[in-house]
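The values are calculated or read from the model by the stated rules, or taken from the named source; none is laboratory data. Predicted model, so just to flag it, every value in this text is computed and none were measured. Note: ideal-geometry Cβ built from the backbone for every residue, glycine included; neighbour counts use all protein chains shown.
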Amino acid sequence: MSTTPRIAIAGAGLGGLVCARVLQQHGVPVTVFERESGPNSRSQGGTLDIHEDTGQVALRAAGLFDRFLALSRPDGQEWRLYDRHATLIRHDQADEGNLSRPEIDRGQLRTLLLDSLAPGTVRWSHPVQAVVPLPHGNARLHHHDRTFEDFDLVIGADGAWSRVRPVLSDAQPTYAGITMVETHFDDVDQRHPGIAHLVGAGTMSAKAGRRSLVMQRNSNGHVRAYITFRGPQDWHAGLDLADTESVRVRLLAQYQGWDESLLDILRDNEGGFINRPMFVLPVPHSWQRVPGITLLGDAAHLMPPVGVGANLALLDGAELAQAVIGHPTIDEALDAYESVMLPRAIDNAKTAQHMLATLMPDTDSDDALFPDAVWPAGTLPDSPPAHTS
C-alpha cells in the first residue's frame with residue numbers, strides 16, 4: 001500500500017492473534033484491544049486438533065509451525081467411541097508420523113501466538129465498546145472509558161458476542177438447543193485410572209440419543225469432560241449452579257441407566273461444573289460491505305463446536321492479513337478476503353448444523369451412534385474456550 005494502514009483488532013483470541021502476527025511479519029503495525037486484564041487472567045479452555053488444511057496453513061503463514069509441532073501431541077489424535085453401556089464401538093489411532101490433526105492445549109497455542117508479537121501489541125483491559133464507520137472509508141473504535149481512536153481497518157475478532165458485528169449485521173447468536181456442562185480431572189493417570197482408561201491418549205465419546213459424555217486429554221495429565229445433552233437452556237431452573245452436589249444429582253438423574261464407569265465422569269470430577277449452553281449464528285450469515293470493518297472467527301461465523309471453529313478462525317486471521325499485505329487498498333483487501341471467507345464459513349456452518357442434528361437428535365433412542373459419513377474420526381469436538389463474550 002502507498003501508506004501504512006492503521007489497523008485495530010478487537011479480541012486477543014487465536015484468530016486475532018495470528019492475524020496480528022502475519023501483519024507484523026510483513027512490517028504492518030497493528031494494535032490488539034483485549035478486555036482481559038492480562039494473558040493469564042483466566043483459563044483458556046481445553047484442547048484443539050489443528051487441521052493440516054486450515055489451522056496448520058495459518059501457523060505456517062505465521063512462521064510458527066515448527067514451534068507448534070514442538071508443543072503438540074500427535075498421539076492425541078486417538079479417538080474412542082462407546083455406547084452407554086461402556087462397550088467400545090470404535091477405536092481409531094493415527095499412524096506413526098501422522099500430523100494431520102495433532103492436539104494442542106488452547107492456552108499453549110494462545111501463549112505461542114502472544115509470545116510471537118512485538119511487545120505492547122496487545123492492550124490489555126481495553127474492551128471495545130462499539131465501532132462506527134466514518135465517511136472516508138475508515139472507522140472509529142470506541143472504548144469503554146468513552147475515548148475513541150480512528151483506524152483504516154477495524155477487525156472484529158471478539159467472539160460470539162462481538163461488539164464489532166452490529167455495524168455489519170443484525171444477526172445475534174441463538175441457543176442451539178444443546179448444552180455442554182464442563183468439568184475436569186487432574187493427574188488422571190494416578191488419581192483416576194478408570195477415567196484414564198476410558199479416555200486413552202486423546203478423545204472419548206459415549207452417546208445415546210440426545211445425551212453424550214465426552215472427555216479429552218489435555219497436557220500434564222489434565223482431562224476435561226463435557227456432559228452434553230439436548231434440552232431447554234434453563235435445564236438448571238431452581239438449581240444453584242455453584243452447588244456442586246446439587247448439580248451432580250441433577251445430571252446423574254439425566255444419565256440414569258448408563259454404565260457405572262461412565263457415571264464416574266459425573267461423580268468423581270474435581271471442582272465444580274461449568275454450564276456452557278451452545279449458541280450459533282444463523283446460517284447463512286453474511287453482510288454487505290462496510291468500508292474499513294470486517295470480522296473473523298466466531299464473530300463472523302459462530303457454529304457448533306464440531307472441530308472446525310478454531311481452525312477456521314486461524315485461517316481467517318492469516319488470510320485476512322495476507323490480503324491486506326497483498327492489495328493496494330483496504331477495500332480491495334476486504335473484497336479478496338470476504339469473497340473467500342464468507343462462502344467457506346457458510347459451507348462449514350451448514351455441515352456443522354447437519355452433524356449436530358444427526359448426532360444429537362431429539363430422541364432418547366440408542367440408534368445411529370456416530371456414522372462415519374457424518375462425523376469422521378477425530379473431529380469431535382472443538383473444546384469451547386473458557387468463555388465467549
inquiry  = For the stretch 144-158, check the following and say yes or no: at least one residue is modelled with pLDDT of 95 or more, within 27 Å of A58 (Cα to Cα) and among the small types (G, A, S).
reply    = yes
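Going through the stretch 68-124 one residue at a time, which ones are of a type in the set (S, T, Y) and either in a loop (DSSP other than H, G, I, E, B) or over 17 Å from the mean Cα position of the chain (by Cα) (or both)?
S72, Y82, T87, S100, S116, T121
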task = Answer yes or no as to whether P39 is closer than 20 Å to A118 by Cβ and exposed (fewer than 15 other Cβ atoms within 10 Å of the Cβ).
result = no
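I need a count of the residues in the stretch 79-93 that are in contact with a Phe, Trp or Tyr (Cβ under 9 Å, 6 or more places away or on another chain) and either among the basic types (K, R) or under 14 Å from A201 (Cα atoms) (or both). Before the answer, list the steps.
First, pick out the residues of the stretch 79-93 that are in contact with a Phe, Trp or Tyr (Cβ under 9 Å, 6 or more places away or on another chain): 81, 84-86, 88-93.
Remaining after also requiring either among the basic types (K, R) or under 14 Å from A201 (Cα atoms) (or both): 81, 84, 90-93.
Of the residues in that region, 6 qualify.
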task = Among the strands (runs of 3 or more DSSP E) lying completely within the stretch 154-222, list those that include at least 2 residues that are surrounded by fewer than 20 Cβ atoms within 10 Å (Cβ to Cβ) and free of Cβ contacts under 8 Å to residues at least 24 places away in the same chain.
result = none
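In the stretch 8-44, which residues are among the aliphatic types (A, V, I, L, M) and over 21 Å from T54 (Cβ atoms)?
First, pick out the residues of the stretch 8-44 that are among the aliphatic types (A, V, I, L, M): 8-10, 12, 14, 17-18, 20, 22-23, 28, 30, 32.
Those that are among the aliphatic types (A, V, I, L, M) and over 21 Å from T54 (Cβ atoms): A8, A10, V28, V30, V32.
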key: Pairs, first more than 23 Å from P284 (Cα to Cα) in the stretch 329-340, second crowded, with 21+ Cβ neighbours inside 10 Å and of a type in the set (A, V, I, L, M, F, W, C), C-beta under 6 Å, six or more apart   = I330/L153
request  = Look through G97, G137 and report the one residue that is in contact with a Gly (Cβ under 8 Å, 6 or more places away or on another chain), surrounded by fewer than 21 Cβ atoms within 10 Å (Cβ to Cβ) and farther than 30 Å from G209 by Cβ.
outcome  = G137
Matching residues in the stretch 4-21 - criterion: being closer than 9 Å to R110 by Cα and either in a loop (DSSP other than H, G, I, E, B) or polar (S, T, N, Q) (or both) = A12, G13
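When only residues in the stretch 238-292 that are among the polar types (S, T, N, Q) and in contact with a strand residue (DSSP E or B) (Cβ under 8 Å, 6 or more places away or on another chain) count, which is nearest to Q44 (Cα to Cα)?
Just the residues of the stretch 238-292 that are among the polar types (S, T, N, Q), to begin with: 244, 246, 254, 256, 261, 269, 275, 286, 288.
When the remaining residues are screened for being in contact with a strand residue (DSSP E or B) (Cβ under 8 Å, 6 or more places away or on another chain), the result is 244, 254, 269, 275.
Values: T244: 22, Q254: 28, N269: 19, N275: 16 Å.
Step by step, filter the stretch 238-292, then rank; the result is N275.
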remark   = Log entry, pairs with first residue in the stretch 41-56 being without any contact (Cβ under 8 Å) to a residue 12 or more places away in the chain and of a type in the set (D, E), second being part of a loop (DSSP other than H, G, I, E, B) and surrounded by fewer than 22 Cβ atoms within 10 Å (Cβ to Cβ), beta carbons closer than 9 Å, six or more apart or on different chains, reads D53/S100
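When you go through D145, D152, D158 one by one, which is the residue that is among the acidic types (D, E) and more than 21 Å from D316 (Cα to Cα)?
Numbers: D152 fails: more than 21 Å from D316 (Cα to Cα); D158 fails: more than 21 Å from D316 (Cα to Cα).
Residue meeting the stated conditions: D145.
Residue-wise test of (1) within 30 Å of A8 (Cβ to Cβ); (2) charged (D, E, K, R); (3) crowded, with 17+ Cβ neighbours inside 10 Å.
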position: V247; (1), (2), (3): no, no, yes
position: L252; (1), (2), (3): no, no, no
position: M278; (1), (2), (3): yes, no, yes
position: P282; (1), (2), (3): yes, no, no
position: Q288; (1), (2), (3): yes, no, no
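Okay, residues lined up against (1) modelled with pLDDT of 95 or more; (2) closer than 30 Å to G326 by Cα; (3) in contact with a Lys or Arg (Cβ under 6 Å, 6 or more places away or on another chain):
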| position | (1), (2), (3) |
| --- | --- |
| I7 | yes, yes, no |
| A12 | yes, yes, no |
| L17 | yes, yes, no |
| V32 | yes, yes, no |
| I50 | yes, yes, no |
| L64 | yes, yes, no |
| E78 | yes, no, no |
| Q93 | no, no, no |
| R101 | yes, yes, no |
Pairs where the first residue, in the stretch 236-253, is assigned to a loop (DSSP other than H, G, I, E, B) and the second is modelled with pLDDT of 95 or more and among the hydroxyl-bearing types (S, T, Y), C-beta under 8 Å, 6+ apart = L239/S246; D240/S246
task = State all residues of the stretch 329-387 that are modelled with pLDDT under 95, in contact with a helix residue (DSSP H, G or I) (Cβ under 7 Å, 6 or more places away or on another chain) and buried (at least 19 other Cβ atoms within 10 Å of the Cβ); if no residue qualifies, say none.
result = F370, W375, G378, D382, S383, P385
